[in-house]
Amino acid sequence: MSKLKIDTIAALSTPAGRAAISLIRVSGPDTFEILKKVFKPGGKRAFPLHYSAYFGNIIEPETGYIADQVIVNTYLSPKSYTGEDLAEISTHGNPVIVSKVLSILFKNGARQAEKGEFTRRAFLNGKMDLLEVEALSQLLYASSTTQTRLALNQLDGLPSKYIAKIRQELLDQLVQLEASLNFPEDSIESIDENALKIKLQKILSELSLFADNARNGSMISEGLKVAIVGKPNAGKSSLMNYLLGRDRAIVTNIPGTTRDTLEESLIIDSLPVKLIDTAGLRKAENDIEAIGIERTEKAIETSFAVIGVFDGSQTPDSEDMAVLQRLKSLEKPVLIVQNKSDLPQQLNPDFLAGLEVIKASALKGEGMSELISSLSKTLKVNGISSLEEMVLLGASQVNALDKALTVLKRAEEGIGNMYQDMLAIDLEEAVRELGRVNGETVDVNTLDIIFERFCIGK
Amino acid sequence: MTEKRHYSVIVIGGGHAGCEAALASSRLGADTLLVTMNITTIALMPCNPSIGGPGKGHLVREIGALGGEMASCIDETCVQMKWLNTSKGPAVRSRRAQADKYLYRQRMINTLFEQENLDVRQGQVTEILVSDNKIQGIKLETGIKFLCERLIITSGTYLNARIILGRESWDGAPQNQKAAIGLSASLEENGIKMRRLQTATPPRVLKSSVDLSILRELPGDIDAGGFTWEDRLRRYEKQISCFLTFTDERSIEAVKRHMSESPLVLANITNEGPKHCPSIDRKLLKFPDMVRHQIFIEPEGWKSQELYLQGLTTGMPPVAQEDIVSSVVGLEKAVILRYGYAIEYDALAPGQFHKTMESRKIKGLYTAGQINGTSGYEEAAGQGLIAGINAILSLRGETPYWPSRTRSYLGVLVDDLSTWSRNEPYRITPGHAEFRLTLRDDSAERRLIEDGYRIGLVSKERYDKIFTWKKRIEDEIASMDELSLLPSSEAREIMSKTGTGDLKKPASGAELLQRPGMTYKSVIELLHKPSDSCLTAPDEIYALETEIKYRGYADRELERIKQTAFLETIRLPYEIEDERLKIINKEALEIMQSERYDDLSQMVRLNHFSRSELAILLAILNGEDCDNEAEEDNSNK
């Protein structure tokens, strides 16, 4: 008789949402094995010691990508809340970061804890008595289906319907396939493999796009794009450097120095932002500048908000006019920085009338906190809903989505070389995983649908 | 000489379930009595004259692997053997035989009568004798009582059976036999819940009145082999064909014209009939736009003058049947010898027996076949075998045999039956088996021969033979992993000629075989493997190629199998007291204890527990189970 194998669980233990700090708990026998893979502590202390705090980075092992700087508190079994090996990871209080860290933990062997599971483990390991546990009865007696649904409920509305639609399309194909496999003599039209291949290709590209948009943590590397535009030498690069706190863009007083766009990620008020320093909109004098300007246009198009930078120490010229016109034509949030406030101001206030203008000096740091809070407000007011949509998927859902993509890809590639029963195995797995993504039923009962849809009678 | 009135095991019913149960029981050494209402109709095929098909064929091969009788009986008495689904993949490929109904019956009757430890008697059982929820024996309508330790009821469609033909209906059973009256009431008196199910059969027509010459002929496959391991390479040189025709507008018109006389419309029959085998009237009601329905015309035996009209099942009255039959191409002048009919019968309400087929209520009582809510000869035989085996194991006080759904279709069958409630007769198909790549037809003996030998239905001699075969295949699979081809210029040249790509680094035999288009034969040539160390039999090569080529899929399946198999090993106790249980969903716990499911996998499939509750149960039950095992160990000594 094999003894019980307890797996390792992880979950966010603080309320979901933005906060100063979020706490992720990991508990179970593999806790530290997993952490050794994904956590790089600073310093030379051995890891893990009992009841110790470590500062370090959570890293995605395969890419080396740093998800967050964190503090990890370690508790060795049995002296922990659950009685098992347990780690508490304090991350920055950003849902995107939390999701990313969780998904890294899940990829490396932990699974999502169910509601109340830490407490149950504590109880099982004799850490709590029954009275204490019964006080939590509401939580603990909740039926399993409710528990699972709770975790999935967040996915409601369009993305959910979108997944449901794709799942249904695949299910239709699967039912057709299964019907012909299970009832070979019932004159069920066998599946048209070429048509299926085309259909799967279409579904794959749609689903990949969805996955890209929804993928947890993708917002960290992508961030909400904010383009910084203005005529050359208006101080865009200085502004960016100030926000990033380091010299990233080349700052000179020769117009057109920034010929390419520069992108940098930062967190503003717990929101991931990608700043794009553009080459300006100056009429190109050579090919290199022309490329830069083309890229500027692209950056403006794809960004979530735009910061327009004007040199306050100079009278606006035709180029400033052109930039202003472009900004006014945009249907996205625009913030104006009247830069170089440390110099005598020549810019007529009427020029920027009707726009939200922040007077600042990127070089001296004046007005920067105002800019940051304004930017944060803009992002939150205009971006919060779309951000929510982007990060809607929990790590386990992304996991399911990835699995669905993998098997569908294999199915698509296999058509023509692979027997249909294997194809059906892949399609069924995809349907099952997609059901997991949007919280629909995971079980796939094709037989019942077959009897509804086909006249079986041999 | 006084008549023997006390048996270890009594089997009621001589259908496909009863035959397997009685043979298993007597072959395992228990003195066994088979009581049937009619010795002449033992092993009768009252409906279609065929055995096998996807799922069903898998079952039959597994029955053969475990030492059951159906496989060899049909191998010897078939008139046609056919491969199905050959182009669709190894998991769904299966064999189907057309039977000579008469020979099959005769062969099975002979086997029963020649079997040691087995007595066969004709009589109608009207009562089961129970005391303290334990089976004691049976009483016949003649008043005679037989005592027994274990009773296996395989009553088929006979309990309180009613034949329905349009508006007419009467008490009766297949082939103008009597319905079994009394037994059902006795079961209910002892706390067993019954329900009504129905099924139907098509008309049989006189062969000489059918114009087969204008119909599409469906011959068998000479090289399909038989269901038993011994017959796996048997060539069936002499076979007879089936024929195919279709309904058209005229037939639909005829059905419509008589629709008011359909039992479905008259509602003088329960609606709980098999979805997978609908009557022609049901087809029309459900798919009104469909005009072209297939009708397979199947012989009932080598010399039989009767043809079976697969697809024209109905309980409509004779005139309707005549109109419908004569509307079909080739059947215009067909003479109906036996009319189709619908039959309604008593079966157990769902959820009353264990995976061993033993009643959850009455100890020592087993049920198998249609009484358990299945349809089909194969499903019946499989359950009969499992019931027979378990009756003996429990007599001996040994661990019951619960075939795992991860290892056999038999496991899928008994697990589905004891787990799910269904409101229609159950038919096995590959769609029920989530691990179907593992449960392939060709791997049946490799999966089950150890079980058959351990149970005792497979002789040492047979086991040795099959084990050698199994080992040969598995050793060769292993050697495909061990041997590798180095990318020499010669090898690269040959590889490029095969069109399966260059050879840039050393590749194992298995890796080579996984390339599209590569075969075992081409790989052993590339590897210069000495021919005396290579497989030559086509079935062995097929097994090897399938295992290696679809390894990726099989490995993923294996991961899921491990989870299910682990949960299956956690047997559920019915009375369990543990403070820690209070933490678990009360409702689920109550279901677990009151419904008496067998193992944790059932509870998980029924979605009763969350994963963390499962972990707690596992922890608790693990402790329990160790105790149980210790007890079993003692009792075996």
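Since every read-out is calculated from the coordinates, none of them should be taken as a lab result. Just so we're clear, the structure is a prediction, and the values are computed from it rather than from any experiment. Using ideal geometry, Cβ is built from the backbone for each residue, glycine included, and neighbour counts are taken over all protein chains shown.
Counting only DSSP beta bridges whose two residues both lie in segment A:298-380, roughly 10 percent are antiparallel. Pairs over the 18 Å Cα-Cα cut-off, from the set A:LYS274/A:LYS359; B:LYS4/B:LYS361; B:LYS4/B:LYS139: A:LYS274/A:LYS359; B:LYS4/B:LYS361. When the square roots of the Cα gyration tensor eigenvalues are ordered a ≥ b ≥ c, the ratio a/c for segment B:388-448 is 1.5 or more and a/b does not exceed b/c, which makes its shape oblate. Computed from the C-alpha gyration tensor, the three semi-axes of the ellipsoid equivalent to segment B:204-344 are 30, 18, 14 Å, from longest to shortest. Just tell me which lysines come within less than 22 Å, Cα to Cα, of A:LYS202; anything on the same chain fewer than 8 places away is out. Hits, sequence-local ones excluded: A:LYS161, A:LYS165, A:LYS403, A:LYS409. Near the amide H of B:ALA173, within less than 5 Å, lie the amide hydrogens of B:LYS178, B:ALA179, all on another chain or at least 5 residues away, with H placed in the peptide plane. Computed from backbone phi, the HN-Hα couplings of segment B:417-432 come to 5, 8, 9, 9, 9, 10, 9, 8, x, 8, 10, 7, 9, x, x, 7 Hz, rounded to whole numbers (Karplus: 6.51 cos²θ - 1.76 cosθ + 1.60, θ = phi - 60°; Gly and Pro given as x).
Placing +1 on each Lys and Arg Cβ and -1 on each Asp and Glu Cβ, with no other charges, gives chain B a dipole about its Cα centre of roughly 1220 debye. Computed from phi, the 3J(HN,Hα) profile of segment B:333-341 under the Karplus parametrisation 6.51, -1.76, 1.60 (θ = phi - 60°) reads 10, 4, 9, 7, 8, 10, 6, x, 7 Hz, with x in place of Gly and Pro. Residues whose amide H comes within less than 5 Å of that of A:LEU224, counting only those at least five positions distant or on another chain, are A:VAL273, A:LYS274 (H built at 1.01 Å from N in the peptide plane). Amide H to amide H, with H built 1.01 Å from N, B:ALA224 comes under 5 Å of B:TYR236, counting only residues 5 or more places away or on other chains. Residue exposure proxy: A:PHE454, B:PHE246, ordered by other Cβ atoms within 10 angstrom of their Cβ from fewest to most, comes out as B:PHE246, A:PHE454. Summing charges over neighbours of B:ALA24, with a neighbour being any other residue whose Cβ is under 12 Å away from its Cβ, gives 0 when K and R count +1 and D and E count -1. Could you pull out the pairs from B:LYS275/B:LYS333; B:LYS238/B:LYS303; B:LYS471/B:LYS549 whose alpha carbons sit more than 23 Å apart here? Pairs exceeding the cut-off: B:LYS275/B:LYS333. Look at the stretch A:174-186: the mean tally of other chain Cβ atoms within 10 Å of its residues' Cβ atoms is 5.
Shown in residue order for segment A:313-320 are the 3J(HN,Hα) couplings computed by the Karplus curve 6.51 cos²θ - 1.76 cosθ + 1.60 at θ = phi - 60°: 8, 10, 6, x, 10, 4, 5, 4 Hz (x for Gly and Pro).
Here the residues A:ILE9, A:ILE34, ranked from fewest to most Cβ neighbours within 10 Å of their Cβ, fall in the order A:ILE34, A:ILE9. Is segment B:1-52 best put as rounded, prolate or oblate by its Cα gyration tensor, with a ≥ b ≥ c the root eigenvalues, rounded for a/c under 1.5, and otherwise prolate when a/b is larger than b/c, oblate when not? It comes out oblate by the Cα gyration axes. Charged side chains reduced to their Cβ positions (Lys and Arg at +1, Asp and Glu at -1) give the protein assembly as shown a dipole of some 160 debye around its Cα centre.
Straight-line cross-link partners of A:LYS328 among the lysines, defined as a Cα under 17 Å from its Cα and at least 8 positions apart when in the same chain: A:LYS231, A:LYS298.
Under 18 Å of direct C-alpha separation, and excluding same-chain neighbours fewer than eight residues apart, B:LYS529 reaches these lysines: B:LYS521.
Could you tell me which trypsin sites (Lys or Arg not before Pro) in segment B:396-465 are loop residues by DSSP with no more than 14 other beta carbons within 10 angstrom of their beta carbon?
Details: sites: B:ARG396, B:ARG405, B:ARG407, B:ARG422, B:ARG427, B:ARG436, B:ARG440, B:ARG446, B:ARG447, B:ARG454, B:LYS460, B:ARG462, B:LYS465; in loops: B:ARG396, B:ARG405, B:ARG407, B:ARG422, B:ARG427, B:ARG436, B:ARG440.
Passing sites in segment B:396-465 are B:ARG396, B:ARG422.
Exposure proxy for B:GLU62, B:GLU450: other Cβ atoms within 10 Å of each Cβ, ordered fewest to most, give B:GLU450, B:GLU62. Peptide B:270-281 has a mean of 2 when you count, residue by residue, the C-beta atoms of other protein chains within 10 Å of its C-beta.
Can you give the Kirkwood hydrodynamic radius for chain B, in Å, rounded to one decimal and based on Cα pairs?
Computed over Cα pairs of chain B, the Kirkwood hydrodynamic radius comes out at 26.4 Å.
Percent of C-alpha pairs per 5 Å bin in segment B:480-552, short distances first: 3, 16, 30, 26, 16, 7, 1. Per residue of the protein assembly as shown, the DSSP helices (runs of n ≥ 4 H) give a summed -39500 (n - 2.57) that works out to -12500 deg cm²/dmol at 222 nm. On the principal axes of its alpha carbon atoms, the protein assembly as shown extends 128, 71, 70 Å, with the longest extent given first.
If only the Cβ of Lys and Arg carry +1 and only the Cβ of Asp and Glu carry -1, the dipole of segment B:486-549 around its Cα centre is close to 320 debye.
Relative to its Kirkwood radius, the Cα radius of gyration of segment B:24-182 gives an Rg/Rh of 1.02. Since only B:SER155, B:LEU284, B:PRO274 are under comparison, the one whose Cα sits farthest along the positive direction of the charge dipole of chain B, derived from C-beta charges on Lys, Arg, Asp and Glu, is B:LEU284. With semi-axes defined as the square roots of five times the eigenvalues of the C-alpha gyration tensor, the equivalent ellipsoid of segment B:244-297 measures 19, 14, 9 Å, largest first.
Inter-chain Cβ neighbour count for B:428-439, averaged per residue, equals 3 (cutoff 10 Å, partner chain atoms only).
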